[in-house]
1. Scan the range 231-240 for residues that are loosely packed, with under 12 Cβ neighbours inside 10 Å and touching a Lys or Arg at 6+ places or on another chain (Cβ under 7 Å) and report the count.
2. Picking from Leu25, Leu37, which residue would you name as being assigned by TED's automatic domain parsing to the domain that holds Cys114, in contact (Cβ under 8 Å) with a residue 60 or more places away in the chain and surrounded by fewer than 22 Cβ atoms within 10 Å (Cβ to Cβ)?
3. So, in the range 121-132, how many residues would count as being buried (at least 24 other Cβ atoms within 10 Å of the Cβ), of a type in the set (A, V, I, L, M) and either within 20 Å of Gly33 (Cβ to Cβ) or under 11 Å from the mean Cα position of the chain (by Cα) (or both)?
4. State whether the residues of the range 81-99 include one that is closer than 20 Å to Thr167 by Cα, among the hydrophobic types (A, V, I, L, M, F, W, C), modelled with pLDDT of 95 or more and not assigned by TED's automatic domain parsing to the domain that holds Phe232.
5. Among the residues of the range 80-120, write down those that are touching a residue at least 40 places away in the same chain (Cβ under 8 Å), touching a Ser or Thr at 6+ places or on another chain (Cβ under 9 Å), within 26 Å of Lys195 (Cα to Cα) and assigned to a loop (DSSP other than H, G, I, E, B).
6. Among the residues of the range 202-260, write down those that are polar (S, T, N, Q) and either in a helix (DSSP H, G or I) or farther than 20 Å from Lys152 by Cα (or both).
7. I'm told Val243 meets every condition in (1) surrounded by 15 or more Cβ atoms within 10 Å (Cβ to Cβ); (2) among the β-branched types (Val, Ile, Thr); (3) over 25 Å from the mean Cα position of the chain (by Cα) except one. Can you identify the failing condition by its number?
8. Would you mention how many residues in the range 164-185 are surrounded by fewer than 21 Cβ atoms within 10 Å (Cβ to Cβ) and either within 22 Å of Leu92 (Cβ to Cβ) or not small (Gly, Ala, Ser) (or both)?
Amino acid sequence: MDYTKLLYDMVGDVAFIRLNDPDVLNAMSTQLGKELLDALRRAEKEARAILIGSIGRAFCSGANLGDGGFDLDDPDRDAGWRLEQIFNPMILEMRASNLPIVTAVRGAAAGVGCGIACAADMVVAGEGAFFYQAFRHVGLTPDGGSTYLLSKAIGRVRAMEMMLMGTKLHAPQALEWGLINRVVADDQVDEEALKLATELAKGPRSLGFIKASAWAALESTLGEQLIRERDFQRKAGRTEDFVEGVRSFREKRPSAFKGR
């Protein structure tokens, strides 16, 4: 696919994907959504870690309502058709990816943009960044997985206030509440996020198993997780990286993992 709304670059073993429609603050249009979904699937084949960032002063201002594909005069309009066809598969692709995913958030991460930012495995945000559930202000309901992701990360009560009141959660507070991993100066977001993604890209194949197990834990019992841990340990123990890890430990040298 030729990308017109995003940039895709390989930086070492990191697929650096940047939303690139700054004139609309990277609002998520149908085209941008299709390109991001394609880029995620491409990275799965080419990279060992994924970094999602943006061009301009916002990460993503939410869905592009000018590209809604619905008629306000039609009482049977479906304002959520893009969720089923584009946005939901995109969020599920992030969760299912074998690769660790980092998001670099500057400015607004609003609406579906908040969902994309929080669906990453690690989130780096600028001091001026904020997470915003603006749906109540246009008479819609949260999407992009935000009801799930926010409730799991910061708790139902805090998430409910964000969604019902439509208030902004600024990066320092988001860090304190456990929604994100790091807050840095706005002009250092990409640099710091790339450092983190690069370090993850050097990791063993087992990082994918760790990711899958942690996400699954949100919906599993202890017994189910114990079974899952046992299964992943079997799989991890059969990787080349496990052999390298044990050998490097015994030889007292740094590991040189290959991601397989």
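1. Total meeting the criteria: 0.
2. Numbers: Leu37 fails: in contact (Cβ under 8 Å) with a residue 60 or more places away in the chain.
Among Leu25, Leu37, only Leu25 is assigned by TED's automatic domain parsing to the domain that holds Cys114, in contact (Cβ under 8 Å) with a residue 60 or more places away in the chain and surrounded by fewer than 22 Cβ atoms within 10 Å (Cβ to Cβ).
3. 2
4. Of the residues in the range 81-99, the ones closer than 20 Å to Thr167 by Cα are none.
No, there is no match, as no residue in the range 81-99 is closer than 20 Å to Thr167 by Cα, among the hydrophobic types (A, V, I, L, M, F, W, C), modelled with pLDDT of 95 or more and not assigned by TED's automatic domain parsing to the domain that holds Phe232.
5. Scanning the range 80-120 gives Arg106, Gly107, Ala120.
6. First pass over the range 202-260, keeping only residues polar (S, T, N, Q): 206, 213, 220-221, 225, 233, 239, 248, 255.
Matches in the range 202-260: Ser206, Ser213, Gln225, Gln233, Thr239, Ser248, Ser255.
7. (1)
8. Restricting attention to the range 164-185, the residues satisfying the condition of being surrounded by fewer than 21 Cβ atoms within 10 Å (Cβ to Cβ) are 164-168, 170, 172-173, 175-178, 181-182, 184-185.
With either within 22 Å of Leu92 (Cβ to Cβ) or not small (Gly, Ala, Ser) (or both) added as a condition, the list becomes 164-165, 167-168, 170, 172-173, 175-177, 181-182, 184.
The number of residues fulfilling the criteria is 13.
The values are calculated or read from the model by the stated rules, or taken from the named source; none is laboratory data. Just so you know, these numbers come straight off a predicted model, no measurement behind them. Counting neighbours? That spans all protein chains shown, and the Cβs are built from the backbone with ideal geometry, glycine included.
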